[in-house]
């Protein structure tokens, strides 16, 4: 027996542990790391597989213990903030994101400019003769704020398309498979995507409302603006705070439609129906058919009608046409309309979440 064999026998007899082998007081073989084959772990000095590596190699890679170890390692490194940063990076890298955000800002500014021009023009002409007045009539501040608040109703459709495409592009390009490999938690993936969409939408709406406010101020210079009444002051927070919140709710509603349909065409068509067709059809039906007058209430329950009524803040514009008689059906107030829009967004977003979590990726 040579010296090395004798030393090995002596070490085994007295329980000597070489320096390269870690002590494991529990007596349980350590779990293998992800992407590392236990058989490749060797003693650094002798070139012989160490005792701990040999014990680890006895555990098959496909065993339940190994799978639990892999899941545990993934859970350690997978955080919601990391998922959110990844989703923000995805949206930032897409050309369509910047096109849609830029288009939405332009629509907000353009509609505000058009509404302001119309308001100032009406104040500078005689409504009976159409002749130019020597001095324009005073303009109500409520009208100016109403123009600013309603400037985003057209842009809401663009934000809806953005919300749909943010989720459906994952499915149409099969990128969702790679996304779910990196993040197998579908709920976290969906929530991270939704929050990224919400952040982009709020940021774009704030830029749009700020630019629109500047345009309205410049175009209204030289006109006498009357002060807001006590019952009209709420239009200010509704415009400055409620406007971005409404845009965010519309975008999240669209994300839910995208998750539900998983089709860009289907999701965009659903957004168009909800925000351009549904309320008009219901309202027209209630006017033409007296026996279906109750459909007038349903028309105010549609998402676009709820959005428009909430952004009005319950403040009537002085240039709005006066109704000959009050409708006999129930019409929700401005704050009730805000709750209706929130309910629409919550239900459709939640439906999209359930669909993404339960339906297999094709």
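The values are calculated or read from the model by the stated rules, or taken from the named source; none is laboratory data. As the structure is a computational prediction, the values presented were derived from the model and not from experiment. Cβ atoms come from the backbone with ideal geometry, glycine included; neighbour counts cover every protein chain shown.
Given the options 112, 86, 53, 39, name the one that is surrounded by 13 or more Cβ atoms within 10 Å (Cβ to Cβ), assigned to a helix (DSSP H, G or I) and at pLDDT below 50. Walk me through how you get there before you give the answer.
Working: 112 fails: at pLDDT below 50; 86 fails: at pLDDT below 50; 39 fails: surrounded by 13 or more Cβ atoms within 10 Å (Cβ to Cβ).
Of the residues listed, the single one that is surrounded by 13 or more Cβ atoms within 10 Å (Cβ to Cβ), assigned to a helix (DSSP H, G or I) and at pLDDT below 50 is 53.
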Notebook entry, point to check: Within the stretch 125-146, how many residues turn out to be crowded, with 19+ Cβ neighbours inside 10 Å and out of contact with any strand residue (DSSP E or B) (no Cβ under 8 Å at 6 or more places or on another chain)?
Noted result: 4
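Restricting to the stretch 212-235, count the residues that are assigned to a helix (DSSP H, G or I) and surrounded by fewer than 16 Cβ atoms within 10 Å (Cβ to Cβ). Explain how you work it out, then say what you get.
Of the stretch 212-235, the ones assigned to a helix (DSSP H, G or I) are 212-220, 230-232, 235.
Still in the list and also surrounded by fewer than 16 Cβ atoms within 10 Å (Cβ to Cβ): 214, 217-218, 230-231.
Residues in the stretch 212-235 being assigned to a helix (DSSP H, G or I) and surrounded by fewer than 16 Cβ atoms within 10 Å (Cβ to Cβ): 5 in total.
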Check: Given the conditions (1) without any contact (Cβ under 8 Å) to a residue 40 or more places away in the chain; (2) assigned to a loop (DSSP other than H, G, I, E, B), and given that residue 314 satisfies all but one, which numbered condition is not satisfied?
Finding: (1)
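Got a sec? Which of 278, 249, 288 is in the same structural domain as residue 176 (by TED's automatic domain parsing) and within 18 Å of residue 346 (Cα to Cα)?
Details: 278 fails: within 18 Å of residue 346 (Cα to Cα); 288 fails: within 18 Å of residue 346 (Cα to Cα).
After ruling out the rest, the residue left standing is 249.
Per-residue answers, yes or no, for (1) at pLDDT below 95; (2) out of contact with any strand residue (DSSP E or B) (no Cβ under 7 Å at 6 or more places or on another chain):
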site: 191; (1), (2): no, yes
site: 214; (1), (2): no, yes
site: 223; (1), (2): yes, no
site: 229; (1), (2): yes, yes
site: 232; (1), (2): yes, yes
site: 247; (1), (2): no, yes
site: 253; (1), (2): no, yes
Margin query: Against the condition closer than 16 Å to residue 252 by Cα and buried (at least 20 other Cβ atoms within 10 Å of the Cβ), how does residue 155 come out, does it pass?
Written below: yes
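Pick from 165, 188: which is surrounded by fewer than 22 Cβ atoms within 10 Å (Cβ to Cβ) and either touching a residue at least 40 places away in the same chain (Cβ under 8 Å) or assigned to a helix (DSSP H, G or I) (or both)? Let's see the steps before the verdict.
Details: 165 fails: surrounded by fewer than 22 Cβ atoms within 10 Å (Cβ to Cβ).
From the options 165, 188, the qualifying one is 188.
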